[in-house]
Amino acid sequence: MKIWPAMLAALLLLVACRSVNAHTLSESISSWEVNGHLVRLQFIVPDLEAKRLSVDGKEIPPAQVVGDYLGKHTGVVSQGIPCSLARGPRALAATAGFSRYEIEFDCAGEPQSIWSTAFYELVPSHTNFAKIQDGSGNFYEELLTKERHEVALSEHLGESPLQNAGFLTFIQMGAMHIFTGVDHMSFMLGLVLISRRVRDLIFVITGFTVGHSLTLALAVTGILRPDARYIDSLVALTIALIGAENVGDSTRHPVPVAMGLGGLLLLMAVAKQFGAPIDLPQTLLLGGALFAACYLLLTGQMRDAGRVRLVMTLVFGLIHGFGFASNLLEMRLPPNRMASLLFGFNVGVEIGQLSVVLGALLLVRLMVRAGLAIPRSLLTDLAASFLVGEGLFWFLGRTVALS
């Protein structure tokens, strides 16, 4: 069909025109417990971040140095006045690869906001995952960045802003997650590329939808809550993997493609063993290497891999579902409206996906009529190579710390 090459070109154009922000791997975790006028902070620092405070940037400085640094770069505000330091900073026991410090603040009045500027002057893209618990036992999560390093505790008073939101609001949230998520749009491009027939596209979209719907529900309801850092990396890996599958299918030589991607992950696992600053666990890297190699070899040797891709895209959907959940988990979700929120968000995600495809289809028809159709084989090679490069760029940027 002449329409498919033009459709793929349109989708590639939509993705390529999006702005791409790579993530620098620099993160820390803070836990703030408010109890009357007292606020207790526990700050968890990965060894990689602690080394940034040393003279040479290679050795972990003494606990006193890290503690003093945190004491100067964290705080609580009450009635516009910084709360006094009541205790600490003092080092606590921590798991291997991390250090943990406790600081207590004593406020003259009711605590109004918490702040942290730790590590932002060293790595501007640093992110702190802040967990806040108030005196009533309510639990909240915030992301502290250089641009938003202070959080007003009053933001969490009262009911959730989604408590009285209409069903259409939930749908809009899901649709906007697709429209603003270049990584998910890139993966959709890969699914269209690999689907030579409408039936194949139905298979892969079905598997992807079932997968992301399942894990979205598990993550938002708290049944299963994986580390967000790993999910971002794995989402990027799925983009590279679907692009690599297209390359292997187009060239009819899946073996070197499978060995190349699987070998890269295996090499990263070995490098981590020797102390390379790689965030993903070795078991995940080894499992990813085995999965990538086997999947690419399996689909590359099959004449009709459509039904197999139904299962594989279900696995990919499981990963992307956790990615969808990350936006929702930054909000205070009303427990009594969880069912309608999940259903509406899922409907919005599907509307967003269909809108992208149908919008591209409209653009395609205009391109075909204008005689701008591109041979499918050439477009597939270009688009697939773009996806592999894009996916690996994000994957390495979210996994390996180079500074």
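Largest first and in whole Å, the equivalent-ellipsoid semi-axes of segment 27-156 read 24, 15, 13, each the square root of five times a Cα gyration tensor eigenvalue. Using only alpha carbon pairs under 8 Å that are at least six residues apart, calculate the relative contact order of segment 67-108 and give it in whole percent. Here the relative contact order equals 41 percent. By definition, a body whose alpha carbon gyration tensor gives a ≥ b ≥ c is oblate when a/c is 1.5 or more and a/b is not larger than b/c, and segment 71-125 fits this oblate description.
Between beta-carbons, use under 12 Å as the cut-off and find the net charge around Phe105, counting Lys and Arg +1, Asp and Glu -1. Value of the local net charge: -2.
Read-outs throughout are calculated quantities, based only on the coordinates presented, and are distinct from any laboratory measurement. Treat the numbers as computed from the prediction; the structure is a model and nothing was measured. Virtual Cβ from ideal backbone geometry, glycine too; neighbours counted across all protein chains shown.
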